[in-house]
Amino acid sequence: MALYSVSELARLAGVSVRTLHHYDETGILCPSGRSAGGYRLYGDKELIRLQQILMYRELGLKLADIKALMHSSENSPEHSSDQQMLACLKGQYQQLGGRIAHFEKLRGMLALTIDRLENGPQESWMTDKHAATALFSDFSDKARSEEALRKEAVAKWGEEAVAKGGSGRDGLTPSQKAVLDAEGEAIARALAGLLGETPGSDKVQALMQRQHRWLSANGECPRARLPMLAAMYLADDRFRQFYDRFGEGTAALMHDGLLAYAAND
């Protein structure tokens, strides 16, 4: 297996040697070994890990949050093979796809604005309602979608349950919210890797415990509320599609696993 010196890896990845030294000192990226002269050496796993770190940095996460996120994933019971790493990378790929689609919409909004300012009529935004709507189309679509989801949840579960369910995100920074969202996706990917396991198996139940911690981090979530949330994973198409995109049947396993977890109180 080829090994890279710190200077070789720095050139390859487009980062500074000082950055790699800092990553080693903080423990987020340690070398696989040292040369006879004591110099840092990096192998294949370190290259992939560095790529993940740099990807998270591009997504706007702080280094401390990236370290916490990667540590959580690596120390979970289901993180044990190259297949798990592959599932994690596929999840990141899907997440980036969603962000790219979002940025393409933003780009389209800006293009319309630029075209109007350069070539369009000098009519006021106040009188041209169509143009004014286009200014904020992506933002307003997102807001309407979120409000529709909230109203639907209130109708099904009640105002108090919905209010408490998201209270844990209040006051979080965008970076902290991103870490929380990434943990939710990591759990879903890991569960998809356990399709075929029984809901009550040790591996699935370890993930259900992790899911319960994640739900509690998002808002108040006593164990007694888990059956209600479990039902939502199957009853609501949006939730089912979110989980099943990692593997057909993941939503059902999450539902059955949470019910078994809640019953073991």
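Some points to look at:
- Scope region 235-247; condition outside any helix (DSSP H, G or I) and at negative phi; matching residues: D236, R245, F246
- Of all residues making up region 199-234, the number that are in a loop (DSSP other than H, G, I, E, B) and under 12 Å from T250 (Cα atoms): 1
We did not get these values from a lab; they are worked out from the coordinates using the rules stated. Since we're looking at a predicted model, the values are computed, not measured.
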